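Here's the structure we're looking at; comments come further down.
The values are calculated or read from the model by the stated rules, or taken from the named source; none is laboratory data. Since the structure is predicted, the reported quantities are computational estimates derived from the model, not experimental observations. Using ideal geometry, Cβ is built from the backbone for each residue, glycine included, and neighbour counts are taken over all protein chains shown.
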Amino acid sequence: MGYENIIYHVEEGIATITFNRPKALNALNSALLEELSDALDKIAADEDIRVLILTGAGDKAFVAGADISELATFNSLSAKNFATFGQNIVNKLQKLAIIVIAAVNGFALGGGTEISIACDFIYASENAKFGQPEINLGLIPGFGGTQRLPRLIGTNMAKELIYTGKMISAAEGNQMGLVNKVIASDQLMDEVMKVAKEIASKGKVSLRAAKQAINNGINADLSTGLNIEIDAFALSFASLDAKEGTTAFLEKRKANFTGKLNQ
Ligand code: CO8
């Protein structure tokens, strides 16, 4: 599939998807979502990709939400179909085995916030703005915002954002645990690339095991979550990296992780 609404780039095991409709502040229309879905399938099938970065084209927006000109044509049934379609893609993003970083470089509103919170973590530029403004359109979030946001920042904080539709700054997002780090706009991609490379240098299997344990355990009770961790911990020993990492420590040298499995 050729891409017109996203830019897909892979370099040294790090994939970048850039939402690319800058004239519409990278709003999510059906065509863009189809392309995103296709790119996520490609990434899931590529064993050499270690980290994915999501960002927006231009200096104004990450994603300013679902495309309102499409939403304006919906009835209840088409809204249900669109929300299901969008949620399937956001779920696919969240379930990627590799680590996903959102580099939020401007407005991340509605579906933009919802995509960013399905990533493993968010680095944001100083001019980034987050929010769930659907209430101002007579709507509610439909790509997971009513479910993921309360789990991430707490129920009442999420309620305030969703009920008022107000935007918050990157600094406010940082204070409430939505944004890991706020960075000057012209440094954002360099900083994101730096952390992506650091993560990519770790053991592939242990990264996946850690992500699985956190994502599968977060909505379970503690005892179920701890059992999930035991299995994921055991899984990390399926890789030669466990032997390499522990041996390298004892030999006082830097570990060289290959991601190879024990035969
Ligand atoms: N959809 C379509 N076009 C958009 C969108 C959008 N979400 N956001 C901006 N644009 C377009 C504008 O129409 C404008 O186009 P044009 O130049 O042709 O007039 C261009 O982008 C630039 O925008 P502005 O001139 O408005 O730029 P400003 O800097 O003045 O304002 C804002 C920037 C504050 C971001 C403003 O554009 C805005 O409020 N945008 C809408 C934000 C919004 O409400 N997003 C939520 C959408 S709903 C949603 O995401 C629900 C997701 C789940 C759906 C579930 C399906 C059922």
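Just checking, does the stretch 145-153 include any residue being assigned to a loop (DSSP other than H, G, I, E, B), buried (at least 20 other Cβ atoms within 10 Å of the Cβ) and within 11 Å of the ligand (Cβ to nearest atom)? So far as the stretch 145-153 goes, no, none of its residues is assigned to a loop (DSSP other than H, G, I, E, B), buried (at least 20 other Cβ atoms within 10 Å of the Cβ) and within 11 Å of the ligand (Cβ to nearest atom). Screening Val195 against (1) more than 29 Å from Pro141 (Cα to Cα); (2) assigned by TED's automatic domain parsing to the domain that holds Ser236 leaves a single unmet condition, (2). The set of residues in the stretch 235-263 being exposed (fewer than 13 other Cβ atoms within 10 Å of the Cβ) and not in a loop (DSSP other than H, G, I, E, B) consists of Lys243, Thr246, Thr247, Phe249, Leu250, Leu261. Within the stretch 92-100, one or more residues are touching a Cys at 6+ places or on another chain (Cβ under 6 Å), more than 9 Å from the ligand (Cβ to nearest atom) and under 25 Å from Ala170 (Cα atoms).
Considering the stretch 1-28, and only residues there that are assigned to a helix (DSSP H, G or I) and free of Cβ contacts under 8 Å to residues at least 40 places away in the same chain, the residue that is nearest to the ligand (Cβ to nearest atom) turns out to be Lys23. Within the stretch 176-194, the residues that satisfy the criterion of being under 19 Å from the mean Cα position of the chain (by Cα) and either of a type in the set (D, E, K, R) or over 18 Å from Ala61 (Cβ atoms) (or both) are Met176, Gly177, Asn180, Lys181, Asp190, Glu191, Met193, Lys194. Note on the stretch 62-84: among residues that are more than 7 Å from the ligand (Cβ to nearest atom) and among the aliphatic types (A, V, I, L, M), the one that is farthest from Ala124 (Cα to Cα) is Leu77.
Set side by side, the residues Ile49, Ile89, Ile43 differ, and just one is part of a loop (DSSP other than H, G, I, E, B), crowded, with 17+ Cβ neighbours inside 10 Å and more than 10 Å from the ligand (Cβ to nearest atom), which is Ile49.
Can you find a residue that is crowded, with 22+ Cβ neighbours inside 10 Å and among the small types (Gly, Ala, Ser) anywhere in the stretch 69-79? Checking the stretch 69-79: not a single residue is crowded, with 22+ Cβ neighbours inside 10 Å and among the small types (Gly, Ala, Ser). When the residues of the stretch 108-144 are filtered to those that are surrounded by fewer than 16 Cβ atoms within 10 Å (Cβ to Cβ) and not in a helix (DSSP H, G or I), the one that is nearest to the ligand (Cβ to nearest atom) is Ile140. A search for C-beta distances below 6 Å between a residue of the stretch 29-58 that is under 16 Å from Ala196 (Cβ atoms) and any residue that is within 16 Å of the ligand (Cβ to nearest atom), counting only pairs 6+ apart in sequence or on different chains, returns Leu54/Ala102; Thr55/Asn105.
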